[in-house]
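I have placed the structure first, in the form of structure tokens, so that the comments after it can refer back to it.
Rule-based calculations on the coordinates, nothing more; no lab input. If you're wondering where the values come from, they're calculated on a predicted model, not measured in any experiment. Neighbour counts are summed over all protein chains in view; Cβ atoms, including those assigned to glycine, are modelled from backbone coordinates with ideal geometry.
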Amino acid sequence: MSRPLTICHLYPELMNIYGDRGNVITLRRRCEWRGMPVEVHEVSLRQRIDPDQYDIFFLGGGQDREQVLVCQDLLEVKGEALRSAAASGACFLTVCGGYQLLGRYFLTYTGETLPGIEIFDAWTEGAQERFIGNMVIEVTGPSGAPLRGVGFENHSGHTYLGETARPLGRVVTGYGNNGVDGMEGCRVGNAIGTYLHGSLLPKNPWLADELLLAALRRHDAGATLAPLDDFMEEHARDAAIARSLGHKGIGRRNR
Amino acid sequence: MSLRLTASVAAGKAATALSRRLGAGAGSNFPGRVVLGIEPRALQRMAAELPRGNVVVSGTNGKTTTSNMLAAILREAGLHPVHNRAGANLLSGITAALAQGSDLRGRPRGDIGLFEVDEATLPAALERLQPRLVVVTNLFRDQLDRYGELESLGRKMSRGIAELAGRRTDALLLLNADDPLVATLGEEGGLSGVSFFGIEHEGYGTRGLEHASDSTHCRVCGALLHYSTTFFGHMGKYACPNCGAARPRPDFAASSLQMRGVEGSSVTVASPLGSFEIEVRVPGLYNVHNALAAAGAAALLGIEPAIIQRGLSGFSTAFGRSERIQARGREIVLVLSKNPAGFNEVIRTVSEAGGKLRLLLALNDLIADGRDISWIWDVDFENLAAVAGSVTATGLRAWDMGLRMKYAGTPAGEIRVIEDMGEALDQALEDTEPQGTLFALTTYTATLKLRDEMLRRGFVKPFWREEAAR
């Protein structure tokens, strides 16, 4: 690739409610440890973006008020560019509020509709029950073998997937998208939405590397990633999974 | 005095004694629940007996340090505060403290109540205590899995304060001017006396906001606040570019300030009583705020500057907050941090010590710590990794802590992950050269556990014995 792998961190000062920037830290480090040039651009309100400039887009979670501001900006300023990037295969990792905004809409508990930018065929309804707790999911890894992912969810938005959307994974313990269908997150091409905080990628490096590899392969179909020593990551994941399975989620409660 | 109250107090004292013998942590709420189980109105009945009334200190960070500083000043003034130390700050903890501080008939041995109160418990505590003075230190994103969103918490606190104002119009309120969410807590109305504390001196501020910020919206019109100076987290000098709402002028202000790393700071306090100097013997800007809050509270209670100065200069560190502990020829500096802003301040302070630091990092995820440990990724551990010599990660989430340091830049081979805290303590001490310093940075319950391990090894006495020895 002629330019460094470039990550777009969207609205970092607004959508960073709970350590989600750990995902950007993880992507950056895993490039640095491989000697791969990488850049992170922070992009915020009212700034236009050139969709071809970025390989990976990251959008974290935020509080309600921030989410409304970002929603407006996405609709008025960046939405088109992001849709175009997704259509051309750019990678997206979006967490919680970010995930919701990439869907079709969010119907708040008080009845307002916040439109999303429709990268995911999914929609979210604000509910009284808040899903809080450790969550373990199972996904089919790139080699076909099942892989576990672990993190922490905290959301009162219940997300439902449409016909053309696939979930990120199946819930092993926790609530997931809506506490009913046993699914968590959404995956469309190289775009991922998830309710997993944690942050997600540090304990689930296989997913970080999937995103990095997909980004590289957009420019070079034969690109490969050198393996890293993920001893600590794997132990941390196993320890977190053991803890999650031993402890139930904090439980539903009213807002 | 009612029989029911007597019975509840007696039971509470017995429960406390039992708790201590069983080695239950100093933060236990069990004795208080026993008291309230027998007499549900024990709290308000005992609180009403205190001749000089009650003071409440609330907020996310600094409650314990501020109230301990204020306790030191009150004692210097010849008062005998009944104080819920050791951070037992829910209604049960306050009740237990009152029971301990009372005779068997529920009559207080002290003369003024001083209670640190958990933010979510504030409305209920205000109703029962009817305090003459309420101090709010700050509001930070802390344990979001417990409190949901910061704004609804602020509204509930505001309402609780307004209800207190309705019941006693002479109640005083002391708020942090530098925190936009706290500065407006008195506005729901009716309070005659709202005072503020804050830092005026800008030498230790920076331009722009730290990334891990919250509360950056104008409480009046919702626009993003503009900061001319930031002290830490979202503390600073701010104004709304849209509606003009601005930070209130602090009545108790640090007009001049000199920071001296882990030794603390020298502060000139400008106040309605004139200017006076104080020595703050604990480090960091956050402790300057705590000292200003304590000094301001004391002044509002009618205590004169000379006594405030003496009280603060005699103040030694509170439980687990920058405690210095001698252990096997080394010195352990034990610092509790609960959330990103606090941790960042601690990192900034210990980095000033320079050199290659010996670090023991303890991360727990029990309810009191916050079950979700994602917040560690909001902390600038990169700054700590830059000065780290050896790192031992421990606690219930030891691996997550070790992993964070790996991504912060410490080579994986230099990070020890030892889940058992006693073992980790022993190893970390061994990794520290004789006469050297081990910095132990810990979350709330991990502080308690680590202190227990130190107790077992004879580095410290049981906390309540140290209290009695004061």
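Points worth noting:
- Alpha carbon convex hull of the protein assembly as shown, volume per residue in cubic angstrom: 154
- FRET efficiency, 1/(1 + (r/R0)^6) with R0 30 Å, evaluated for B:Asn383 and A:Ala226 via beta carbons: 0.55
- Only lysines eight or more places from B:Lys356 in sequence, or on another chain, were considered; those with a Cα closer than 22 Å are B:Lys406.
- Backbone N under 19 Å from the B:Ala17 label point (7 Å along Cα→Cβ), restricted to the stretch B:56-88: none
- B:Arg52 versus A:Glu112: modelled label distance in nm, points set 7 Å from Cα along the beta carbon direction: 4.9
- Size descriptor, Kirkwood hydrodynamic radius, that averages inverse alpha-carbon separations across the stretch B:33-190, Å: 15.7
- Chymotrypsin sites (Phe, Trp or Tyr not before Pro) within the stretch A:104-146: DSSP coil, no more than 16 neighbouring Cβ in 10 Å: A:Tyr109
- Kirkwood's formula applied to the C-alpha pairs of the stretch B:290-373 gives a hydrodynamic radius of 15.7 angstrom.
- Hits among lysines - C-alpha to C-alpha of B:Lys237 under 18 Å, sequence gap 8 or more where chains match: none
- Inter-label distance, nm, simple model (7 Å from Cα along the C-beta direction), B:Glu127/B:Ala246: 3.9
- Per-residue [θ]222 nm for chain B (sum of -39500 (n - 2.57) over DSSP H runs n ≥ 4, rounded to 500): -11000 deg cm²/dmol
- Charge tally in the Cβ shell below 9 Å around B:Ser58, where Lys, Arg are +1 and Asp, Glu are -1, B:Ser58 excluded: -2
- In range of the label at B:Glu414: residues from the stretch A:8-50 whose backbone nitrogen is under 17 Å from the point 7 Å along Cα→Cβ: A:33
- Hydrophobic long helices, here whole DSSP H runs in chain A with Kyte-Doolittle means of at least -1.0 and Cα atoms spread over 15 Å or more along the helix axis, are found at A:21-32, A:205-217, A:231-246.
- As a proxy for reagent exposure, A:Leu59, B:Leu114 were ordered by neighbouring Cβ count within 10 angstrom, fewest first; the result is B:Leu114, A:Leu59.
- For B:Gln435 and A:Arg83, the FRET efficiency from 1/(1 + (r/R0)^6), where r spans their Cβ atoms and R0 equals 41 Å, is about 0.05.
- Equivalent ellipsoid semi-axes - Cα gyration tensor, chain A, angstrom: 26, 24, 15
- On the beta carbon distance between B:His226 and B:Ser275, with R0 = 41 Å, the FRET formula returns roughly 0.90.
- Equivalent ellipsoid of chain B: semi-axes from √(5λ) of the C-alpha gyration tensor, largest first, are 33, 29, 21 Å.
- Taking every DSSP bridge with both residues inside chain A, close to 60 percent are antiparallel.
- Both radii were evaluated on the Cα set of the stretch A:113-255; the Rg over Rh quotient, with Rh as the Kirkwood radius, amounts to 0.99.
- Computed over chain B: relative contact order in percent, which uses C-alpha pairs under 8 Å that are six or more apart: 12
- Assuming charge only on the beta carbon of Lys and Arg (+1) and of Asp and Glu (-1), the dipole of chain A about its Cα centre is about 400 debye to the nearest 20.
- Sequence-separation-based contact order of the stretch A:146-255, relative, with Cα cut under 8 Å and 6+ spacing, percent: 26
- Residues within the reach of a label modelled at A:Ala242 (point 7 angstrom out along Cα to beta-carbon, backbone nitrogen below 20 Å), restricted to the stretch B:356-398, are B:361-367, B:371-374, B:392-398.
- Remark: C-alpha extents of the stretch A:59-138 on the principal axes read 36, 34, 20 Å, sorted largest to smallest.
- Assuming charge only on the beta carbon of Lys and Arg (+1) and of Asp and Glu (-1), the dipole of chain B about its Cα centre is about 1480 debye to the nearest 20.
- Extreme residue, positive dipole direction of the protein assembly as shown, given options B:Ala11, B:Val417, A:Ala127 (C-beta unit charges): B:Ala11
- Shape metrics for the stretch B:237-383, restricted to C-alpha atoms - Rg then Dmax, Å: 17.9, 59
- Beta bridge orientation in the protein assembly as shown: antiparallel %, DSSP, nearest 5: 50
- Pairs from B:Lys13/B:Lys338; B:Lys13/B:Lys63; B:Lys63/B:Lys338; B:Lys63/B:Lys156 whose Cα-Cα separation, in the structure shown, is over 20 Å: B:Lys13/B:Lys338; B:Lys13/B:Lys63
- With the convex hull constructed from alpha-carbon coordinates only, the stretch B:342-389 shows a mean projected area of 3.4 nm² over all directions.
- Projecting the Cα atoms of B:Gly329, B:Ala341, B:Ala398 onto the charge dipole of the stretch B:318-470 (Cβ charges, centred on the Cα centre) puts B:Gly329 farthest toward the positive pole.
- The alpha carbon radius of gyration of the stretch A:144-225, expressed as a multiple of 2.2 N^0.38 Å, is 1.18.
- Electrostatic dipole magnitude of the protein assembly as shown [Cβ: Lys, Arg +1; Asp, Glu -1; Cα centre; debye, to 20]: 2260
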